[in-house]
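Q: Here it is: the structure, laid out below.
Derivation of every value follows stated rules applied to the coordinates shown; laboratory data play no part. From a predicted model like this one, the values you see are computed outputs, not experimental measurements. Backbone-built Cβ (ideal geometry, glycine too); neighbour counts: all protein chains shown.
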Amino acid sequence: MMSFLAAATEVASDAGPFESIKATFGLNKWFFLAQVINFFLVIFVLKKFAFGPIQAMLEQRRARIAEGEEKLKRIEKQLADSEKNTAEAIAKANEESQRLIQEARDSATALTEAKAQEAVAQAQQILVKAEAAAKAERAQIAAELKQEFGRLVTATTAQVTGKVLTPDDQARINQEALAKVES
Amino acid sequence: MSRRPLIPTITASLAAAAPALGAGDGVHHELPLYAQRLHDWLPITNSMVMTWVAVGLIVLFCQAATKRMSLIPEGLQNLAEWMVEGLYDFLGNLLGHHLIKKTFWFFGSVFFFILVNNYLGLVPGVGTIGWTTVDAEGHQGFIALMRGGNADVNMTAAMAFTFAILWFVWAFQENGLKGFFSHIFAPKGSFSGVMLWMMIPIFLFVGVLEMISIAIRPVALSFRLYGNIYGGEQTLEKLMALVPPYLAFLPALPFYFIELLVGFVQALVFTLLCAIFLKLICDHGDEHH
């Protein structure tokens, strides 16, 4: 190293400082230019084969991630909307079903009541009919009894008196007998 | 067997192999300050060979990593994406979204190129495989076939001056001509009245200093990187020469680990300084975008 410094000092004493530096460190315009070209070659190579494709890939990935995030947000929003809509639909369906159940219940109550009233009416009608039928039957039986009683009274009278009774006699005797029984 | 000792073991083996490949003859124990010309009529230096190797390796890696890209990365694509995205985000935090999108092609290239070159300079054989020469006066010399790319000030200057030009382009694009000069010369802060008139000459003087600083930046960038890398390689050379050839690996071994760190740190420092210089001039303009 000392020899280099000595050489540098020697050169410096002969020439200016710039010439001295050039001579000491081997600065040469052609070598400098060659190294500039080398450096630009490196820049070209790195820009074309490394930074360009890699940054494009990083950008693509960044865009993809951003797009994914955006989609995720959209899906989350859609999911939230869907959940809200579903809840609303369920609530509405519940409400509708409650209304239907109530309507059915009311309808069933009304129907039951109507049927009951109808049944009561029918029963009353049946009762009236039965009473009427019983009354008619009783009247018929009474008539038959009266008729039988008259016939018996007539027959008994005919046997007791030993004469043949005319229809007028039979009718008169029947009426008298019946009037006595009824009174 | 744990996995942990594997990396140091490999590194140590590489480190051990390095001196064995070239330091055996004991002829060259000093790395020249400049890259050596390999041929009399062909303008090629040993550091150029190294940068070509670096370019070739970068091309191969990029091709392999981006050949079949998929949305779900794996293998080399994963590694490449991790490196690029990591650096992009790191510089993006400093420069802002607008500037990093515009300038990453440069900062990314600078960082990876310096890093690959720095690590290639540590590969056994670089700086040690070569041939001996004898000049007309009978002095013996040694020319290495390859030399660390950043151990040549032409290379570091090429990157630094390219940045200097791009710095002006980006600064004018972001601020405009008026904005650029007002950014340098106009008083910063809110002054009014007499205070403003007092501040104008001060900030004009500060602007002149700023212009000098801007002019010195590429030189400082060049020599900072060159000095650190050259210094590291020279240290390894000297340390290997301290002991007999068959033990040459031993003293250099710890410094190989340091050089691995230095290689990364210097790539980061160069890139970060460039980014900060750009941020400083575009800071005002960037707020508007």
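Q: Where does each of A:Ile65, A:Ile54, B:Ile58 land when they are ranked from fewest to most other beta-carbon atoms within 10 angstrom?
A: Least to most surrounded, the residues fall as A:Ile65, B:Ile58, A:Ile54.
Q: Can you pull the semi-axes for region B:132-289, root of five times each eigenvalue of the Cα gyration tensor, sorted largest first, whole Å?
A: They are 46, 17, 15 Å, listed largest first.
Q: Once fully extended, how much extra length lies between A:Leu100 and A:Ile37, figured as 0.36 nm per residue of separation less the alpha-carbon to alpha-carbon distance?
A: Here the answer is 13.7 nm.
Q: Which whole number gives the average, over all residues in B:150-163, of C-beta atoms from other chains lying within 10 Å of the residue C-beta?
A: That works out to 5 on average.
Q: Lys and Arg at +1, Asp and Glu at -1: add these up for the other residues within a Cβ distance under 13 Å of B:Ala158 and post the number.
A: Result for the local shell: 0.
Q: Could you compute the FRET efficiency for A:Ala56 and B:Val123, with r as their C-beta to C-beta distance and R0 at 35 Å, rounded to 0.05?
A: 0.60
Q: I need the helices of chain A that pass two filters: whole DSSP H segments spanning 15 Å or more by Cα along the axis, and mean Kyte-Doolittle score no lower than 0.0.
A: In chain A, the long hydrophobic H runs are A:2-14, A:29-45.
Q: Right, something else. At a Förster radius of 30 Å, what calculated FRET efficiency corresponds to the Cβ-Cβ distance of A:Glu144 and A:Gln124, to the nearest 0.05?
A: After rounding, the FRET efficiency stands at 0.50.
Q: So, one more: Points 7 angstrom from Cα along the Cβ direction at A:Glu67 and A:Glu19: gap in nanometres?
A: About 6.7 nm separates the two model spin labels.
Q: Follow-up question, since we're still on this one. In whole angstrom, how long is each semi-axis of the equivalent ellipsoid of region B:19-137, when you take the square root of 5 times every eigenvalue of its Cα gyration tensor and sort them from largest down?
A: Equivalent-ellipsoid dimensions as semi-axes: 38, 17, 13 Å.
Q: Using only helices, what value at 222 nm comes out for chain B when you add -39,500 (n - 2.57) per DSSP H run of length 4 or more and divide by the total residues, to the nearest 500 deg cm²/dmol?
A: -25500 deg cm²/dmol
Q: Neighbouring Cβ atoms within 10 Å as the yardstick, rank B:His139, B:His97 fewest first.
A: B:His139, B:His97
Q: So what is log10(I(q)/I(0)) for chain B at q = 0.10, 0.12, 0.13, 0.15 1/Å, when the Debye sum runs over its Cα atoms only?
A: Log10 of I(q)/I(0), two decimals: -0.68, -0.89, -0.99, -1.17.
Q: Please compute the Kirkwood hydrodynamic radius over chain A, one decimal place, Å, based on all pairs of different Cα atoms.
A: Evaluated on chain A, it is 31.7 Å.
Q: Semi-axes, largest first, in whole Å: what does sqrt of 5 times each Cα gyration tensor eigenvalue give for the protein assembly as shown?
A: Taking √(5λ) for each eigenvalue gives 125, 32, 16 Å, largest first.
Q: Work out, step by step, the length gained on full extension between B:Ser182 and B:Met195: first 0.36 nm times the residue separation, then minus their alpha carbon distance; give nm to one decimal.
A: Full extension from B:Ser182 to B:Met195 adds 2.9 nm.
Q: Let me ask another. For each pair in A:Lys71/B:Lys102; A:Lys22/B:Lys279; A:Lys47/B:Lys102; B:Lys102/B:Lys279; B:Lys101/B:Lys188, compute the distance between the two Cα atoms and list the pairs where it is over 22 Å.
A: Check vs 22 Å cut-off fails for A:Lys71/B:Lys102; A:Lys22/B:Lys279; B:Lys101/B:Lys188.
Q: Right, another one. What does the charge count near B:Trp82 come to, summing +1 for each Lys or Arg and -1 for each Asp or Glu among other residues with Cβ under 14 Å from its Cβ?
A: Local charge sum for B:Trp82: -3.
Q: Moving to a separate point now. With a cut-off of 18 Å, note down the residues of region B:161-184 whose backbone N falls inside the zone around a label point 7 Å from the Cα of B:Val206 toward its beta carbon.
A: Backbone N within reach: B:179-184.
Q: Apply 1/(1 + (r/R0)^6) to the Cβ-Cβ distance of A:Glu137 and A:Leu111, taking R0 = 41 Å, and write down the FRET efficiency to the nearest 0.05.
A: 0.65
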